[in-house]
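Just below is one structure, and these are the notes that go with it.
The values are calculated or read from the model by the stated rules, or taken from the named source; none is laboratory data. These figures come from a predicted structure and were not determined experimentally. As a convention, Cβ positions derive from the backbone with ideal geometry for all residues, glycine included, and neighbour counts pool all protein chains shown. For the accessible areas, the whole protein counts, side chains as well, though only heavy atoms, and no ligand, DNA or RNA atoms are used. Shrake-Rupley method; radii C 1.70, N 1.55, O 1.52, S 1.80 Å.
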Amino acid sequence: MRLLARRPSSDAPAAAAGETFALLRAGFLAVFATVVLASCAYVPVAVDGVTTRPDIAARDSDNPWVFVPTGAWITRDTVTPVSVGACPAAACPERIAVAVIEARGAEARTLMRSLRQPGALVTRLAEGNRRRIALVEAAQRTVPAAVAARRMPHRVASRTRPLRHRAFTGFQLEMRRENGPARLAHAAVLGRQSGAAVKVVIVIGDKAGPVADAVRTVADANL
């Protein structure tokens, strides 16, 4: 099964949520540019299970998917990116980023615990958000109040729920601002352990349904 495209929705909620993905897209493209410039000898590694719209799939120049050359990444010996890609363009079926990662040893054991009990991840995210706000508050003490307010990170709430698909274990994660205009980000993670290794698929986007659908499809093709 492949991840097939649908025409992008033009409703207002989707447009607002798209602003969240704009940040993800900017960060992803920055990483992509850095990797390519650092090592042109590597070639991008496509994520198995994803494809573009059937009407433009035959034209590589119009392919909205962007993949990075993971072989150029410097990672810990126990964590290896297998393939990483994103579809940030208007032609994308859904605007998402996808990564397939393999871990071994202690990292694999920690990752497997998180897959089975993601509640601890929510706690860590909340603690990290509080620390960041406190650090920015301390750094802004001599800055005019109006400027400091613009720079202040938003308080973010997160929640998870279990996600299972065939023999794969994982969870879905939602992050949203606690106040102000809604800005939602969704992630879905599925993994499977094989001996001392754990292979994981991570999908991030601005809509929960398409993110969950994509992680199942990519997990079928990679895990």
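Quick notes on this one:
- Of all residues in the stretch 50-106 being assigned to a helix (DSSP H, G or I) and open to solvent by 50 Å² or more (accessible area, probe 1.4 Å), the one that is modelled with the lowest pLDDT: Asp60
- Criterion violated by Thr142 - all others in (1) at pLDDT below 90; (2) among the β-branched types (Val, Ile, Thr); (3) in contact with a strand residue (DSSP E or B) (Cβ under 8 Å, 6 or more places away or on another chain) satisfied: (3)
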